[in-house]
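To start, the structure under review is shown below, and the notes come after it.
A short reminder: the numbers here are calculations on the coordinates, not readings from a lab. Values in this document were obtained by computation on a predicted structure and should not be read as measured data. Quick reminder, even Gly has a Cβ in these numbers, built from the backbone with ideal geometry, and neighbours come from all protein chains shown.
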Amino acid sequence: MASRRKLKKDIDFLTFEVISDCYNHIYLHSENEEKVIDIIKETVANRNSLVARVNHPDGKNNPKLVKAYYKSIFNDLISNIDTSFTNLSELIKA
């Protein structure tokens, strides 16, 4: 990643995209509200965890370790967001 600032912005943007889609689903279809709220809670918890990891990197003196550390955070971000969107899609299909 180019910078911690950009990574944090990516985390926030993708998290809020999931949350906005969840609230749109609740607005249009209120029958699965509890399940959608659970997806939102899980997404916010993942966001908080990722931001905490970004703020406290491991191996500050070794550039290769730092790069691998931030790469793993980015991969976890993509994985968590994909899981949240998949769970929401399954609710929409049901």
Answer label for P(r) over Cα pairs in 10 Å bins from 0, in percent (calculated), chosen among (1) 16, 49, 25, 7, 2, 0; (2) 16, 44, 24, 13, 4, 0; (3) 14, 49, 33, 4: (2)
Cross-link partners of Lys9 among aspartates and glutamates (Cα-Cα below 17 Å; sequence separation of 8 or more within a chain): Glu17, Asp76
Over the chain: helical MRE at 222 nm, DSSP H runs n ≥ 4 each giving -39500 (n - 2.57), nearest 500: -30000 deg cm²/dmol
Cβ charges +1 (Lys, Arg) and -1 (Asp, Glu), total dipole of the chain, debye: 900 debye
Positive-end residue, the chain charge dipole about Cα centroid, Cβ charges, pick of Ala45, Ser20, Val66: Val66
Of the trypsin sites (Lys or Arg not before Pro) in region 1-72, those whose Cβ has at most 10 other Cβ within 10 Å and which sit in DSSP loop: Lys60
